[in-house]
Amino acid sequence: MFDLKTRDIKYLQGVGPQRATMLNKELNIFSLHDLLYYFPYKYVDRSRLYLIREINGNMPYIQLKGQILSFETIGEGRQKRLVAHFSDGTGVADLVWFQGIKYLVGKYKAHEEYIVFGKPTVFNGRINIAHPDIDQAKDLELSTMGLQPYYNTTEKMKRSGLNSHALEKLMKNAFALLQDSLPETLSPRLVERYHLISLNEAIRAIHFPQNPDQLRNAQYRLKFEELFYVQLNILRYTKDRQRKYRGFCFERVGEVFNTFYSQNLPFQLTGAQKRVIKEIRKDVGSGRQMNRLLQGDVGSGKTLVALMSMLIALDNGYQACMMAPTEILAAQHYETITNLLFGMNVRVELLMGSVKGKKREEILKGLLTGDVRILIGTHAVLEDSVNFASLGMVIIDEQHRFGVAQRAKLWGKNVCPPHVLVMTATPIPRTLAMTLYGDLDVSVIDELPPGRKPIQTIHQFDNRRPLLYAGIRKQIEEGRQVYIVYPLIKESEKMDIKNLEDGYELICAEFPQYRVSKVHGQMKPAEKDAEMQRFVNGETQIMVATTVIEVGVNVPNASVMVIENAERFGLSQLHQLRGRVGRGADQSYCILVTNYKLSEETRKRLEIMVQTNDGFEIAEADLKLRGPGDLEGTQQSGMAFDLKIADIARDGQLLQYVRNIASQIVDEDPTGTAPENEILWKQLQSLRKTNVNWAAIS
Ligand code: ADP
Ligand code: MG
């Protein structure tokens, strides 16, 4: 048995050096293994013959059997085409070619039996089939043809004749060479228990299914395997980490927590907040290190949960630290938390790049003596010079700005890694979270504090601008503030600014009596923060910005969010932006401004935004509309999206199912040594070796 992965594609019959280079470059196919795992994107049923009489205007690819009655060349120059009048005795169809006319006339003959395959169109009562596939009827045995695979190829490949058909032939050659010798990659126990077909059968049937049932079985087996290994990989890492590192055990809830709860808590916790705090208490009391993701829509009250988690650490003699992605957010957290802890004698400090000199030294010293019990800051807290007496709990706010590497760095801040709570306001559908953050446990705050007025979302075409400006004016007159956001145009940073500058000038001219702030991504962070701060302080009434304001800033007095060119934003991004308003007691508005001409998909997206404020509903819709690759936070993870056959948006149920199976295996075989699982651990190792993204998980 040879190793498919080291078997160069070059040596497969029908390939050779030139085609090999093409396959390498265009499809990333280097080995026989790569080729076999290049799956068709669709199939066409070639087991049934249609009659010309049956053809109507709306049919997929079909197959006819009959004879060419005569040929005809029509038109001149680029219009020139060859028409073959084809009949099966029940009617006539015109086969049409625009290219290769000379060659075709020589190749096909009148009054011979052919099988014609193509997509019919009906025009003026005549049936046309453009560029059909034609085979001699005697060469084909229809009953054995089953479904025909279609492969994606690039323009370059097609130009050199390496089209879908050519790939199909290469697949056939590969199978001839292999002769059913593909080694199994799941354990016999799994194959049997979950009624899977063998890998050998599945790979063959995914390329050449005899019938739809067989195809479904093959797809199921391959999706099962793919998702299973993604989950086994994540769960294995988690298990190994748990075995290697124990976590601090926070056994009790004590004075600090209780005092806060009974005396300082300014309102009743929502049911969801209570549930999540319970989940966290259970985690940190288990003796294992907590790695938990806290998801909650903007305004759902995550800060309070973070604070109360930190207080548990304090009660057990440990320090806590909270990180935010920007200085302005860190400063806001500092202010909120010192206010909440008023009168409680808990020293809280704020550390960021701009804190220097004596103040900084004081903080660093306080951290070492344990005098500083809560540290709030930016990335600056990760620096080597920042050392704690005993750090027990870390909160990371707005997770997608912190990579895995930074999370790992935190673990080094104590003899034993502190508990970690990652908070995000980007709702991620459950299935996606399981894959993206599969090593994290997930808690969800799915309830807003009472008394919030839902934000009203309105879609407005940009020819109604006067109306929009009147609305803005009215809000400002009532003392409110307004955001106006322009899309970031990735292809051209200059364009991006121009868009914003034009908008800024327009707004200044429209509202000469008000002060307007302007913020964009190319400003220096300090400059940006200063301008933001002016808006926070109410010195300016209108904030014109690109999406840099997306994350976290809290201005309860802002009641209008205008999003220009809303069609350019993804759903999750629109939802994030909308979350900047609706933070105070007043009715807030989100205005989605677009051009009149919109695609069907855009229309749908905007409709969803107008209809719901529920972040999870929006995230699910986004996942379905765009697929997982485009969703926020997925780029740096990548690993879920090497998926060749499974689709996180559609195969969520299967994902949950195989996760449970993988979890059971990891629990039953915590050291990864049980003989009946040998094949699984071997396969996992081999996947980790060949899959860059998999190796990057910590
Ligand atoms: P986010 O989840 O977006 O970080 P915050 O923690 O900033 O949300 O909370 C948003 C607002 O809701 C804050 O002003 C906070 O004081 C308030 N809040 C939080 N929890 C409650 C609650 N249980 N009842 C009433 N208001 C709450
Ligand atoms: Mg927050």
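The values are calculated or read from the model by the stated rules, or taken from the named source; none is laboratory data. Because the structure is a prediction, the values reported are computed rather than measured. As a convention, Cβ positions derive from the backbone with ideal geometry for all residues, glycine included, and neighbour counts pool all protein chains shown. The accessibility values were calculated without ligands, DNA or RNA, using every heavy atom of the protein model including side chains. Shrake-Rupley method; radii C 1.70, N 1.55, O 1.52, S 1.80 Å.
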Can you report the number of residues in region 293-313 which are within 12 Å of residue 257 (Cα to Cα) and away from ligand 2 (no atom under 12 Å from the Cβ)? 6
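Matching residues to (1) within 28 Å of residue 657 (Cβ to Cβ); (2) within 16 Å of ligand 2 (Cβ to nearest atom); (3) open to solvent by 20 Å² or more (accessible area, probe 1.4 Å):
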| residue | (1), (2), (3) |
| --- | --- |
| 235 | yes, no, yes |
| 255 | no, no, yes |
| 262 | no, no, yes |
| 270 | no, yes, no |
| 281 | no, no, yes |
| 285 | no, no, yes |
| 291 | yes, no, no |
| 315 | no, no, no |
| 320 | no, no, no |
Within region 537-569, which residues are within 16 Å of ligand 2 (Cβ to nearest atom) and open to solvent by less than 50 Å² (accessible area, probe 1.4 Å)? 549, 550, 551, 552, 553, 555, 558
Checked region 44-78 for anything open to solvent by less than 50 Å² (accessible area, probe 1.4 Å) and not polar (S, T, N, Q); matches are 44, 46, 52, 55, 59, 62, 64, 66, 68, 75
Taking strands (runs of 3 or more DSSP E) that do not extend beyond region 6-114, which have at least 2 residues that are touching a residue at least 40 places away in the same chain (Cβ under 8 Å)? 42-45, 62-74, 92-97
Going through region 584-607 one residue at a time, which ones are crowded, with 17+ Cβ neighbours inside 10 Å, polar (S, T, N, Q) and more than 26 Å from the chain's Cα centre (by Cα)? 588
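How many residues are assigned to a loop (DSSP other than H, G, I, E, B) and open to solvent by 60 Å² or more (accessible area, probe 1.4 Å) when one looks only at region 447-471?
Taking region 447-471 first, the residues assigned to a loop (DSSP other than H, G, I, E, B) are 447-455.
When the remaining residues are screened for being open to solvent by 60 Å² or more (accessible area, probe 1.4 Å), the result is 447-448, 450-454.
Looking only at that region, the number is 7.
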Residue that is modelled with the lowest pLDDT, among those in region 541-578 that are in a loop (DSSP other than H, G, I, E, B) and within 20 Å of the chain's Cα centre (by Cα): 551
Being within 34 Å of the chain's Cα centre (by Cα) and farther than 26 Å from residue 532 by Cα is the requirement here; does residue 384 meet it? yes
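Conditions (1) of a type outside the set (Phe, Trp, Tyr); (2) within 16 Å of ligand 1 (Cβ to nearest atom); (3) in a helix (DSSP H, G or I), marked per residue:
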{"residue": "215", "(1), (2), (3)": "yes, no, yes"}
{"residue": "227", "(1), (2), (3)": "yes, no, yes"}
{"residue": "242", "(1), (2), (3)": "yes, no, yes"}
{"residue": "269", "(1), (2), (3)": "yes, yes, no"}
{"residue": "299", "(1), (2), (3)": "yes, yes, no"}
{"residue": "306", "(1), (2), (3)": "yes, yes, yes"}
Since residue 344 meets every condition but one in (1) within 27 Å of residue 255 (Cα to Cα); (2) within 16 Å of ligand 1 (Cβ to nearest atom); (3) in contact (Cβ under 8 Å) with a residue 40 or more places away in the chain, which condition does it not meet? (2)
Conditions (1) surrounded by 22 or more Cβ atoms within 10 Å (Cβ to Cβ); (2) within 14 Å of ligand 1 (Cβ to nearest atom): number failed by residue 339: (1)
Residue list for region 347-359, filter: without any contact (Cβ under 8 Å) to a residue 24 or more places away in the chain and either within 16 Å of ligand 2 (Cβ to nearest atom) or not in a helix (DSSP H, G or I) (or both): 356
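State which residue is nearest to ligand 1 (Cβ to nearest atom) when the search covers only region 271-297 and only residues that are among the small types (Gly, Ala, Ser) and in a loop (DSSP other than H, G, I, E, B). Steps first, please.
Filtering region 271-297 for residues among the small types (Gly, Ala, Ser) gives 271-272, 285-287, 296.
With the extra rule that they be in a loop (DSSP other than H, G, I, E, B), the set shrinks to 285-287.
Working: 285: 23, 286: 25, 287: 29 Å.
Step by step, filter region 271-297, then rank; the result is 285.
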Please go through region 322-342 and pick out each residue that is assigned to a helix (DSSP H, G or I) and within 11 Å of ligand 2 (Cβ to nearest atom). 329, 332, 333, 336
Quick one: which of 185, 153 is within 27 Å of residue 19 (Cβ to Cβ) and hydroxyl-bearing (Ser, Thr, Tyr)? 153
Listed by first then second residue, the pairs whose first member lies in region 360-387 and is more than 20 Å from residue 318 (Cβ to Cβ), whose partner is buried (at least 18 other Cβ atoms within 10 Å of the Cβ), with beta carbons under 6 Å and at least 6 positions apart or on separate chains, are 378/327; 378/330; 378/352; 380/351; 380/352
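Answer with yes or no whether residue 230 is more than 16 Å from ligand 2 (Cβ to nearest atom), of a type in the set (A, V, I, L, M, F, W, C), over 24 Å from residue 446 (Cα atoms) and at pLDDT below 90. Even if it seems obvious, please write down each step before you answer.
Details: more than 16 Å from ligand 2 (Cβ to nearest atom): yes; of a type in the set (A, V, I, L, M, F, W, C): yes; over 24 Å from residue 446 (Cα atoms): yes; at pLDDT below 90: yes.
Yes.
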